[in-house]
Every structure is written in C-alpha cells, then in structure tokens.
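Single-structure report; data block below.
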Amino acid sequence: MEKNYRAILLTILTLSTFTLVIIELTGVSRNALFRRFKGGGEGIFYSKDGETYRGEIYPEQTLTRTQRVAAMAKTTMQFYETKYNFGKQPEGKVLKHTFRFKNTGFHPLMIAKTDVTCGCTVPNFPEGTIAPGNDGDLTVVFNTAGKSGIQQKNIIVHSNALPEAVSIGIEADIR
C-alpha cells in the first residue's frame with residue numbers, strides 16, 4: 001500500500017515538473033496571459049531581468065531601458081535642488097517630495113533607472129524623454145513606518161546625461 005502512495009506521489013511530482021517546463025518553454029507567462037485574457041497588448045509587462053515596460057511590447061523593443069538610454073546621445077541635466085529635509089515627522093507617515101530638474105543639454109534626456117538605499121523610498125520619474133531646455137519631475141515617496149530618529153535616504157539617478165549618475169537625497173527626523 002505504501003509503495004502505491006510513493007508511486008502516485010512520484011508520478012504527480014514528475015507531471016508537475018513536466019508541466020512547468022512546458023509552460024516555460026512555450027512562452028506562456030504573465031505577459032502572454034495578460035494579452036490573452038485582458039483583450040490586448042496594452043498594460044505593464046515584465047522582462048526576465050526584472051525590467052518593467054508599459055504599453056505594447058514588440059520584439060524590437062527587447063532591449064532594456066538601461067541599454068536604450070546608454071545608446072542615446074549624451075546631454076546634461078541640472079537638479080534645482082539635490083537635498084530635501086522634511087524636518088520632524090511622526091512615525092508611520094508617508095512623505096512625498098518632488099525634485100525638479102532641467103535638461104540643460106542639446107539632446108533629449110531620459111532617465112534609465114534609479115537606485116535607492118532602502119525599500120521604504122520609492123522614486124517615480126518620467127517614462128519618456130525630456131526635450132532640451134525643458135523641465136522634468138522626479139517624485140520621491142518615503143514611508144516612515146518602522147523608522148525612528150534621523151533618516152537619510154539617497155537616490156542615485158542614472159540617465160544619458162553627463163555625469164550619468166547623480167545623487168539626490170531626503171532627510172527626516174522621525175519621532
């Protein structure tokens with residue numbers, strides 16, 4: 001009787017593994033399922049390396065955003081401020097600040113990605129390009145839940161500007 005259970009469990013495990021391999025090899029993923037059941041190719045899509053795309057994805061768009069930005073002509077950018085202090089704030093509050101920047105160069109500016117020092121800090125930047133002479137906004141949301149004392153968070157902004165990595169930061173005294 002115990003041998004039958006082992007054989008059944010081994011069969012189920014083998015079939016499950018085989019099914020997962022077939023699904024992975026045929027390209028059925030959350031992107032394909034979204035297209036199938038949501039009625040189209042519009043939405044948010046994810047690559048295997050974690051890149052997030054919005055809109056329709058075509059094969060010629062398989063380069064990561066970072067690779068596309070690296071291939072763009074270099075420009076320059078200037079933040080109007082690089083540090084912001086929220087002052088004294090209660091623990092558990094969600095703080096938000098918008099850093100304004102200007103494309104001071106002669107070519108379109110695009111932010112490739114941002115690096116943060118903590119998961120409690122979420123930067124949101126423009127998806128498209130910023131034309132020469134125009135301004136853009138990078139909004140930083142900081143969740144103070146579970147934090148206390150003076151908190152300093154840095155955001156590294158990567159773009160096709162020179163220098164290609166710029167540091168901006170926020171600070172708050174959480175009470």
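The residues of the range 140-175 that are in contact with a strand residue (DSSP E or B) (Cβ under 7 Å, 6 or more places away or on another chain), assigned to a loop (DSSP other than H, G, I, E, B) and surrounded by fewer than 18 Cβ atoms within 10 Å (Cβ to Cβ), listed by number, are Ser148, Glu164, Arg175. Only residues that are closer than 15 Å to Leu138 by Cβ and either of a type outside the set (S, T, N, Q) or not in a strand (DSSP E or B) (or both) were counted in the range 101-117, giving 9.
Conditions tested, residue by residue: (1) modelled with pLDDT under 95; (2) in a strand (DSSP E or B).
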| position | (1), (2) |
| --- | --- |
| Glu81 | no, no |
| Tyr84 | no, yes |
| Phe99 | no, yes |
| Gly119 | yes, no |
| Val122 | yes, yes |
| Leu138 | no, yes |
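Considering (1) under 17 Å from the mean Cα position of the chain (by Cα); (2) under 23 Å from Met72 (Cβ atoms); (3) of a type outside the set (S, T, N, Q), the lone condition that Gly136 does not fulfil carries the number (1).
The values are calculated or read from the model by the stated rules, or taken from the named source; none is laboratory data. Only a predicted model underlies this, so the values are computations on that prediction, with no experimental measurement involved. FYI the Cβ positions are ideal-geometry reconstructions off the backbone, even for glycines, and counts take in every protein chain you see.
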